[in-house]
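Notes follow the structure.
The values are calculated or read from the model by the stated rules, or taken from the named source; none is laboratory data. The structure presented is a predicted model; accordingly, all values stated were derived computationally and were not measured. All Cβ positions, even for glycine, are placed from backbone atoms using ideal geometry, and neighbour counts span all protein chains on display. Side chains are part of the model used for accessible areas, which takes the heavy atoms of the whole protein and leaves out ligands, DNA and RNA. Shrake-Rupley method; radii C 1.70, N 1.55, O 1.52, S 1.80 Å.
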Amino acid sequence: MAASIQQNIEVVQMKIAKAAERGGRPLDQILMVAVSKNQPVSVIQEAIQAGITDLGENRVQEAALKQQQIEAPVDWHLVGHLQTNKVRSALEIFDLIHSVDRLRLLDRIQKKAEKNSRQVEVLIQINASAEESKFGLDPEYFLNFFESAANLDRVQISGLMTIGKFSPDPEESRPFFAQLRHLMDLAETQHFPNFRPKYLSMGMSNDFEVAIEEGANLVRIGTAIFGERQEA
C-alpha cells in the first residue's frame, strides 16, 4: 500500500530534523514548502490537513485557480520562473517570489508595487551549478546585481534561492549549496538598503538534507510529499 500524504510529511519532517541536528541548526528555523505543481486540490487539501502551511507553485495561472478553491490560511510561494507579463497577477497571489533573476523583472515588480502602495518580498535566484537548462543569476554578477537593485525601495530582497545539480547523488549539490551560503554572507556585509536576509531557499526532494547541512532554512519539497507528479 502506498504511503499517505501525512505519512510522507512525517518522514520528511524526521529527515529535516536529523539534518538540522547534523548541521547544528535549530529545527524551528527551517521552513518546509510543499511544492504542489500539477497536484489536484483534493490532494493539496490533504497535505494542509496534515499540517502544511506553505505551498509552492511553478505557474501563476495554476496557482490562481487553486487559490480560489483553497480557503485555508496558507502562504503561497512562486518557485518557478516568472515572466514579466505575469508580474501583476503574481503579486496578487504570492507571499514570496523565489525566482527573481534579472533586473528587468525586478524593475517591473517595483513599478507594480509602487502602483499598489505595497512592499513585495522576493528571493534572488542564483544558477550556482551553471547548468544551461536552469534559470538564475550568474554568481559572477551577484554583487553588481544587488548594487543595481539597491534603489528599489518597494522590493524587499529576503534572501537567495538556487536549484541543486541535476544528479541522482545529492552530494554533487553540496558545493553549490555551500556557495549560496557564502554569497548570502557576502551580501550581508554590504549592507544593501533593501536586503533583509531571512531565507536561504535551497534543497528539493532529492537533496534537501544536504542543503540543510549547508545552511538552508527553506526547503521546497514536492515528490517526497505527493509522489511523482502527473504532468498537466
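Note on K37: accessible area approximately 30 square angstrom, rounded to 10, probe 1.4 Å, nucleic acids and ligands left out. Ranked by the mean number of other Cβ atoms within 10 Å of their residues, highest first, the peptides 216-225, 68-77 fall in the order 216-225, 68-77. Were the residues from A130 through Q29 laid out at 0.36 nm apart, the gain over their Cα-Cα distance would be 33.5 nm. Taking the helices alone, the chain has a mean residue ellipticity at 222 nm of -11500 deg cm²/dmol, built from -39,500 (n - 2.57) per DSSP H run of at least 4 residues and averaged over all its residues.
Accessible area of R25 (1.4 Å probe, protein heavy atoms only, ligands and nucleic acids ignored): about 50 Å².
If you plug the beta carbon distance of T223 and Q49 into 1/(1 + (r/R0)^6) with R0 = 25 Å, you get a FRET efficiency near 0.80. For S99, nonlocal amide neighbours, meaning residues 5 or more places apart or on other chains whose placed amide H falls under 5 Å from its own, are L123. Under the simplified labelling scheme, the L65-L186 pair shows an inter-label distance of 4.1 nm, with each label point 7 Å from Cα along Cα→Cβ. Residue by residue through region 51-56, what is 3J(HN,Hα) from phi via Karplus (6.51 cos²θ - 1.76 cosθ + 1.60, θ = phi - 60°)? Round to whole Hz and write x for glycine and proline. Residue by residue, region 51-56 yields x, 5, 10, 9, 10, x Hz.
Heavy atoms of the protein chains alone define the surface here; on that basis the chain has 49 Å² accessible area per residue at 1.4 Å probe size.
For chymotrypsin sites (Phe, Trp or Tyr not before Pro), the sites in region 89-168 that DSSP calls loop and that have at most 16 other Cβ atoms within 10 Å are F135, F166.
The HN-Hα couplings worked out from phi for region 6-22 by the Karplus form 6.51 cos²θ - 1.76 cosθ + 1.60 (θ = phi - 60°) are 4, 5, 4, 4, 5, 5, 4, 4, 5, 5, 4, 4, 5, 5, 4, 5, 5 Hz, whole numbers, x standing for Gly and Pro. What you get for region 1-131, charging only the Cβ of Lys and Arg (+1) and of Asp and Glu (-1), is a dipole of about 500 debye around the Cα centre. Normalised by the number of residues in region 1-151, what is the relative contact order in percent for Cα pairs under 8 Å and 6+ residues apart? Relative contact order for region 1-151 comes out at 14 percent.
Estimate the FRET efficiency between S167 and K115 by the formula 1/(1 + (r/R0)^6), using the beta-carbon distance for r and 41 Å for R0, to the nearest 0.05. About 0.45, to the nearest 0.05. Scanning residues 5 or more positions from K165 or on other chains, those with amide H under 5 Å from its amide H are S173, with H placed 1.01 Å from N in the peptide plane. Rounded to the nearest whole Hz, the Karplus-based 3J(HN,Hα) values (6.51 cos²θ - 1.76 cosθ + 1.60, θ = phi - 60°) of region 145-150 follow the sequence 4, 5, 5, 5, 8, 5, with x at glycine and proline. Ranking H182, H98, H81, H191 by solvent-accessible area of protein heavy atoms (1.4 Å probe, all protein chains present), from largest to smallest, gives H191, H182, H81, H98. Going by accessible surface with a 1.4 Å probe and the largest first, K165, K18, K134 read K18, K165, K134.
Surface composition of region 1-65: carbon and sulfur make up 52 percent of the accessible area, probe 1.4 Å.
Across q = 0.07, 0.10 Å⁻¹, the chain modelled as identical point scatterers on its alpha-carbon atoms has Debye log10 I(q)/I(0) values of -0.21, -0.44, in the order of the q list.
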